[in-house]
1. Bins of 20 Å, beginning at zero and ending with the bin holding the largest distance: percent of Cα pairs per bin for the chain, please.
2. Filter the trypsin sites (Lys or Arg not before Pro) in the range 136-234 to those in DSSP coil with at most 12 other Cβ atoms within 10 Å of their Cβ, and list the result.
3. Let me have the relative contact order for the chain, percent, based on Cα pairs under 8 Å that are six or more residues apart.
4. Which listed residue (SER185, TRP151, SER274) has the Cα farthest towards the positive end of the charge dipole for the chain, taking +1 on Lys and Arg C-beta and -1 on Asp and Glu C-beta about the Cα centre?
5. Counting residues in the range 60-170 as N, plug N into 2.2 N^0.38 Å and put the Cα Rg over that result.
6. Hey, what's the Kirkwood Rh for the range 251-353 if you take every pair of different alpha carbons, in angstrom?
7. Could you work out how far apart the two model spin labels at GLU282 and LEU126 are, taking each label as a point 7 Å from the Cα in the direction of the beta carbon, and quote it in nm?
8. Do the alpha carbons of any pairs in LYS72/LYS152; LYS53/LYS148; LYS302/LYS352; LYS72/LYS302; LYS142/LYS216; LYS216/LYS241 sit beyond 28 Å of each other, and which pairs?
Amino acid sequence: MEIGVSTFVETTPDVQTGEVMSHAQRLREVVEEIVLADQVGLDVFGVGEHHRKDYAASSPAIVLAAAASQTKRIRLTSAVTVLSSADPVRVFQDFATLDGISNGRAEIMAGRGSFIESFPLFGYDLNNYDELFDEKLELLLKIRESEKVTWKGGHRPAINNLGVYPRPVQSPLPVWIGSGGNSESVVRAGLLGLPLVLAIIGGRPTQFAPLVQLYKRAAAQAGHDVSKLQVGSHSHGFIAKDTSLAADKFFPSTQATMNVLGRERGWDPYDRSSFDAARSFEGALYVGDPEMVAQKIIHLRKQVGITRFMLHVPVGTMPHEDVMRAIELLGTEVAPRVREEIYRWETENETKQ
């Protein structure tokens, strides 16, 4: 059971002061967060790609590379790379470079992304949204399979027996599929035999169990070894020594961020009652003291079948020291509880079989 952190490196206005930190400051902070996550024994850290003013990381590979030489064990992944509007050759080169710097700890999490700013920025038509992802993923996988590539598609110039360098330490370089819960993307990941990450940020997490089963059925149909499949969860949350304190610290920035997005997307206003319902045991927010958060992760593993849990923190702008403390608690108190219980549970199940 892997446990880690993901972030979008947000630079939204501080809910108390209205001040907005610089992109440079937030980028330096997130490198410190990655280094701490490694020090406290977490397994993975993910940085999301965005192309708008309130997010500082348009190039996750560079941010992760800044932390690579300061870390020893933690895996470093995008969360996600917006593959539809990117050049797969450059994506592969960037993460192969990161893989070399980190000595084999890089991963790519490929997704469509939930924001659309990158499409006009890089000259792509949103009418080709699905077709672009399929084509770009095909090319990315072809590049990781072979040093020399011959390929032709409809949205990028053809490649005729050209080499793509550098080559990564890992063979193959891990490529995960990020999904918000779309059945088509889940089936695609299964048919390709690629690991899957689900953005479980609303509703009841146990409702994602049928999608995991669909993913595994598709993989089995394609001849892949289902026992080797990895399924991750990306879920919002925050940890403090006391559950009430965790909720009170996490709510203001979460509400502000959700309401900005809500106005853009036509969602209902996000209030404290919605927040409190979501942090109940069956809800999608992992907010509380270490024991509460650990038990919710354990429940998710047993009921849905995830093998990697990524706590997305912060949502919006929070004090850096609070985020660092949450990461510390995730590594030193939550992760040991989860690993111990899952090991015991899996051992008992093996014995019964």
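The values are calculated or read from the model by the stated rules, or taken from the named source; none is laboratory data. Just so it is clear, the structure is predicted and the values come from calculations on it, not from any experiment. Quick reminder, even Gly has a Cβ in these numbers, built from the backbone with ideal geometry, and neighbours come from all protein chains shown. Accessible surface areas use protein heavy atoms only, side chains included; no ligands, DNA or RNA. Shrake-Rupley method; radii C 1.70, N 1.55, O 1.52, S 1.80 Å.
1. All Cα pairs considered, the percentages come to 30, 61, 9.
2. LYS152
3. Relative contact order for the chain comes out at 18 percent.
4. TRP151
5. Relative to the 2.2 N^0.38 Å estimate, the range 60-170 comes out at 1.09.
6. Across the range 251-353, the inverse of the average 1/r is 15.4 Å.
7. For GLU282 paired with LEU126, the spin-label model returns 3.6 nm.
8. From LYS72/LYS152; LYS53/LYS148; LYS302/LYS352; LYS72/LYS302; LYS142/LYS216; LYS216/LYS241, over 28 Å: LYS72/LYS152; LYS53/LYS148; LYS72/LYS302; LYS216/LYS241.
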